[in-house]
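Here is the structure we will look at.
The values are calculated or read from the model by the stated rules, or taken from the named source; none is laboratory data. Nothing here was measured: the structure is a model prediction, and the numbers come from that model. Heads up, the Cβs are rebuilt from the backbone with ideal geometry, glycines too, and the neighbour counts pull from every protein chain shown.
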Amino acid sequence: MVLSGISSIDPGEIPSASNLGLAPDGITDGQPGGRAHALSLLGSFLTERGQTYRTAMSTPLEGATACSRLSPHFAWGTMTVREAVQATAARQREVKGTREGWVGSLKSFQARLAWRDHFTQKLEDTPEIETRCLHSAYEGLRGGPPDTERLGAWERGETGLPFVDACMRSLIATGWLNFRMRSMLMAVASYHLWLDWRATGPHLARMFTDYEPGIHWPQVQMQSGTTGVNTVRIYNPIKQGHDQDPQGVFTRRWVPELADVPTEFLQKPWEWEEVGSLRYPAPIVDVPAAAKAAREAVWSVRRGDAFRAEARAVIEKHASRKDLRFVNDRARAPRRRKRGARQLSFDL
Ligand SMILES: Cc1cc2nc3c(=O)[nH]c(=O)nc-3n(C[C@H](O)[C@H](O)[C@H](O)COP(=O)(O)OP(=O)(O)OC[C@H]3O[C@@H](n4cnc5c(N)ncnc54)[C@H](O)[C@@H]3O)c2cc1C
């Protein structure tokens with residue numbers, strides 16, 4: 001069929017959510033969509049913004065500009081990953097041998113583009129990853145209906161843990177968060193608040209402009225410790241606040257109730273002598289005690305031959321080739337591994 005005169009069709013304005021009868025999504029500072037924006041982001045990342053990517057990607061302040069911000073475009077199809085890989089390879093040839101940070105940053109970026117497909121393959125291979133724990137031993141660990149008060153406080157950014165609340169409120173307003181902060185939000189929900197990932201994962205999915213099931217559900221399970229094979233990473237949200245936001249700029253921006261709290265108390269306002277003057281909730285959990293209880297509960301499941309046999313099957317099916325090589329080397333020569341050498345931590 002020949003479509004004649006198609007270029008003369010006026011596409012008109014993109015309808016807003018209210019035009020379509022949808023409720024407001026709460027985003028006040030979202031990324032613009034469309035092909036032109038995708039191309040512009042790729043260009044600015046490869047020639048300007050990406051120079052510090054390797055070192056700046058994890059901080060909440062710099063990450064927003066140092067990361068590519070291409071994820072919504074990949075998710076919605078306004079740019080393909082292949083285009084980004086090829087443009088990055090061309091730029092890598094240009095910067096080869098230079099010393100201003102580009103070489104390392106572009107290498108890290110290419111690795112993450114590959115992770116995208118690595119993770120998406122897991123959903124293809126195991127679609128149940130959206131609904132069932134990858135390792136069955138964790139099924140029912142956080143059983144029963146979720147604690148709705150905790151869930152609601154986490155979803156709204158009102159847990160009383162300043163850095164957690166800042167990250168959640170920033171996500172609600174922008175639809176985006178860097179990897180480290182997504183991991184921390186998920187880990188705090190799963191460990192400290194002891195909420196099942198099937199209650200919390202959908203909230204993040206709804207908030208992310210870049211929601212991509214193939215990345216999202218494997219990551220949600222990894223950060224919740226239900227794969228049975230990844231390192232259990234229980235981020236300390238107070239330490240993360242100190243490390244990633246040492247001056248408190250990000251925290252104060254998104255939690256203005258804490259604007260007057262001195263920096264040394266910002267991540268633990270409950271220890272500030274004037275805490276009574278704040279209109280900010282008390283923490284809904286005791287962070288060290290909650291982390292300890294979670295660690296014990298998660299590790300108590302990781303014992304016995306049956307657990308290990310299933311974990312091995314998960315590794316065989318889902319681990320990256322690099323990790324499998326490591327597993328196989330260990331199987332051949334387990335005694336050669338030095339004490340303190342790399343922990344088994346699979347890139348699942
Ligand atoms: C709990 C949790 C849920 C997540 N859910 C999603 C999701 O729904 N959609 C999504 O696109 N990403 C998700 N991520 C991965 C990552 O956080 C985002 O891809 C990244 O923050 C997007 O920003 P960017 O495009 O600027 O990333 P950049 O750092 O510029 O990376 C470029 C691209 O590489 C890919 N990528 C980056 N990090 C990862 C990773 N860890 N795993 C797989 N692919 C990666 C993405 O396609 C990304 O757009 C999730 C991470 C966690 C911890």
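Structure above, values below:
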read-out	value
In segment 11-28, the residues that are within 29 Å of T65 (Cβ to Cβ) and surrounded by 10 or more Cβ atoms within 10 Å (Cβ to Cβ)	A17, D25, G26, I27, T28
Only one of R308, R332, R312 that is farther than 30 Å from M168 by Cα and modelled with pLDDT under 80	R332
Selected residue (criterion: surrounded by the fewest Cβ atoms within 10 Å (Cβ to Cβ)) from residues of segment 59-97 that are modelled with pLDDT under 95 and part of a loop (DSSP other than H, G, I, E, B)	G97
Residue that is in a helix (DSSP H, G or I), closer than 27 Å to W115 by Cα, without any contact (Cβ under 8 Å) to a residue 60 or more places away in the chain and of a type in the set (A, V, I, L, M, F, W, C), where the choices are V220, V298	V220
Filter result (in contact with a Ser or Thr (Cβ under 8 Å, 6 or more places away or on another chain), touching a residue at least 60 places away in the same chain (Cβ under 8 Å) and closer than 30 Å to H318 by Cα) within segment 228-261	N230, T231
Conditions (1) touching a residue at least 24 places away in the same chain (Cβ under 8 Å); (2) under 24 Å from T263 (Cα atoms); number of the one not met by Y138	(2)
Residue match in segment 139-148 (condition: within 15 Å of the ligand (Cβ to nearest atom) and not assigned by TED's automatic domain parsing to the domain that holds A64)	no
Single residue of segment 156-170 satisfying the filter (within 23 Å of R54 (Cβ to Cβ) and hydrophobic (A, V, I, L, M, F, W, C)) that is nearest to the chain's Cα centre (by Cα)	C167
Residues that are of a type outside the set (K, R), more than 9 Å from the ligand (Cβ to nearest atom) and over 21 Å from G144 (Cβ atoms), drawn from segment 172-208	I172, A173, T174, G175, M207
Test: residue in segment 248-258 that is assigned by TED's automatic domain parsing to the domain that holds H192, of a type in the set (K, R) and on the phi < 0 side of the Ramachandran plot	yes
Qualifying residue in segment 115-134 (condition: more than 14 Å from the ligand (Cβ to nearest atom), closer than 30 Å to T251 by Cβ and at pLDDT below 95)	no
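Every residue, every condition in (1) part of a helix (DSSP H, G or I); (2) over 26 Å from Y191 (Cα atoms), yes or no:
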residue	(1), (2)
Q247	no, yes
D260	no, yes
F265	yes, no
W270	yes, no
E273	no, yes
G276	yes, yes
P281	no, no
I284	no, no
A290	yes, no
